[in-house]
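**Student:** Shown below is the structure under consideration.
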């Protein structure tokens, strides 16, 4: 009896599955999916590589199923065709059951579907960035990079935990930008912010992959547990800190004295309220706090980890390190040159950063998108509500777009005269594409350039004596010790 019931259930699921899979007869091609579990067995631990392999079979636009959830994967030039040329159609964000439970139904702005409120807040964010000028931000980065150099120079053996030190450096830059003042690195509140942030980043990378996301009907059956429960508790702690800081800014806000990015956002909110009477509800404080939280989450871990990878590549390619040192020697950061001038003077450093961002592709699938209406891409029908993944790693390792893409070669971004060539950046999308591109792209590039320039003016990065050099194939997020030898900066 049990066997007959199991077979009957399997038959029902199989019939339902094939009806579900083929009810849209103009979907992109893709592998056949199993009943109930979809294509999950065909996906390896490194999702971006598995999806890249499938793209070699099914093309730059293909589909698969995670459980019963339809997912369309984009690679190559199809990424820009969708995200940049059809920004409204592909402007949504999928929202998983586990995130909804963990964040108590509050969707951060970064996960909101593209619409009037998202446009409004991006406009406010750009306004705030203009008020909080590039020059002021540049000074904050240089100050924090100099503090980092002091900590390294003061260490007895000049071996330091790059993940920890870059995390301290970048987080203090963001705290200065958002809150208006920097912390001492041993400050209790600062260490609490660091710990909460590390936990948030760790948990957001694993939450969204639970049973309730594959089988949503389990939402009302299973209790909140595991990573979802931990994320809920950590998010609550983070919100307490943000709201406390935000209320301090509300109480002391002075339109004639804009101290930091939070003040600049409050000013932009005030101006938007005068200009826009139809979207007043989107100017509520909870949306401003959400925008501030997004800057923290998106702007720290990714930049700090990119710096870790940059140092690892400098160790593996000492000749490139020497080339960059010769170039940054021309800079006089104390005279506070403009960032545009510095980039022109050090094209090899800019090319090095571009190549690091390309080869590591820190967010290989970017932030997922969702179709807001049924649309056509490359002749295929993409139904409304479809989750869309842009495989940026596949784009950055496409043999038809990059010569020997597995080789680390910063010179691919230089022209014959040794100047930075923007022609190759059309296929470089580490921050995404279209109107939902990361707002902090320019600021992140500024951080990477200035911090590396200051470090390489003072130190040479080498593998510690007696230790094996960390492989370039290691996964992001690990801590690596490096040995630094001081440079004679008077040369």
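**Student:** Report the label-to-label distance for residue 437 and residue 250 in nanometres (one decimal), using points 7 Å from each Cα along the Cα→Cβ vector.
**Tutor:** Distance between label points: 3.5 nm.
**Student:** Quick check on the chain: of the DSSP beta bridges with both residues there, what percent are antiparallel, nearest 5%? It would help to have the intermediate numbers written out before the result.
**Tutor:** On the way: 22 of 26 bridges.
The antiparallel proportion sits near 85 percent.
**Student:** Now for a separate question. Using a 10 Å cut-off around each Cβ, can you sort 104, 93, 378 from fewest to most neighbouring Cβ atoms? The partial results should precede the final answer.
**Tutor:** Working: 104 10, 93 20, 378 14.
In order of increasing Cβ crowding within 10 Å: 104, 378, 93.
**Student:** Against the longest principal axis of the chain, how steep is helix 441-458, in degrees 0 to 90 to the nearest 10, with axes from Cα atoms?
**Tutor:** Value to nearest ten degrees: 40.
**Student:** A further question on this structure: Å³ per residue of the Cα convex hull, for the stretch 390-432? Present the calculation step by step, with values, prior to reporting the outcome.
**Tutor:** Numbers: hull volume 3.4 nm³, N = 43.
Hull volume over Cα atoms, normalised by residue count, gives 80 Å³.
**Student:** According to a simple spin-label model (label point 7 Å from Cα along Cα-to-Cβ), what is the distance in nm between residue 191 and residue 319?
**Tutor:** Rounded to a tenth, the inter-label distance reads 4.6 nm.
**Student:** So, one more: Using a simple spin-label model with points 7 Å from Cα along the Cα→Cβ vector, what separation in nm is obtained for residue 221 and residue 43?
**Tutor:** About 2.1 nm separates the two model spin labels.
**Student:** If you don't mind, another one. Two decimals is fine: what is log10 I(q)/I(0) at q = 0.07, 0.10, 0.12 Å⁻¹ for the chain, from a Debye sum with one equal scatterer on every Cα and no solvent?
**Tutor:** Log10 I(q)/I(0), no solvent term: -0.42, -0.85, -1.21.
**Student:** In Å, what Kirkwood hydrodynamic radius results for the stretch 162-274 from the alpha-carbon pair distances?
**Tutor:** Values: mean 1/r = 0.0602 Å⁻¹.
Kirkwood hydrodynamic radius for the stretch 162-274: 16.6 Å.
**Student:** Additional query: Got the relative contact order for the stretch 24-485 handy, in percent, Cα pairs under 8 Å and 6 or more residues apart? Write down the numbers at each step before the final one.
**Tutor:** Values: 617 pairs, mean separation 115.1, N = 462.
Computed value for the stretch 24-485: 25 percent relative contact order.
**Student:** Return the calculated 222 nm mean residue ellipticity for the chain, to the nearest 500 deg cm²/dmol, obtained by summing -39500 (n - 2.57) across DSSP H runs with n ≥ 4 and dividing by the residue count.
**Tutor:** Values: 18 runs with 251 residues, N = 491.
Roughly -16500 deg cm²/dmol at 222 nm, from the helical runs in the chain.
**Student:** Also: Order these by the 10 Å Cβ neighbour count, fewest first: 400, 155, 50, 293.
**Tutor:** Details: 400 8, 155 12, 50 16, 293 21.
Ranked by crowding around the Cβ, least crowded first: 400, 155, 50, 293.
**Student:** Measure nothing but the geometry: give the 0 to 90° angle between the long axis through the Cα atoms of 116-131 and the longest principal axis through the Cα atoms of the chain, rounded to 10°.
**Tutor:** Between helix and principal axis, roughly 0 degrees.
**Student:** Calculate how steeply helix 134-154 sits against the longest principal axis of the alpha-carbon atoms of the chain, using the helix alpha-carbon long axis, and give the answer as 0 to 90 degrees to the nearest 10.
**Tutor:** 70 degrees
**Student:** Related question: When Rg is the radius of gyration of the Cα atoms in the stretch 296-424 and Rh is its Kirkwood radius, what does Rg/Rh come to?
**Tutor:** The Rg/Rh ratio comes out at 1.07.
Each reported figure results from applying straightforward, stated rules to the coordinates on display, with no laboratory input. Not measured: the values here are computed from a predicted model. Every residue, glycine as well, gets a Cβ built from its backbone with ideal geometry; the counts of neighbours run over all protein chains shown.
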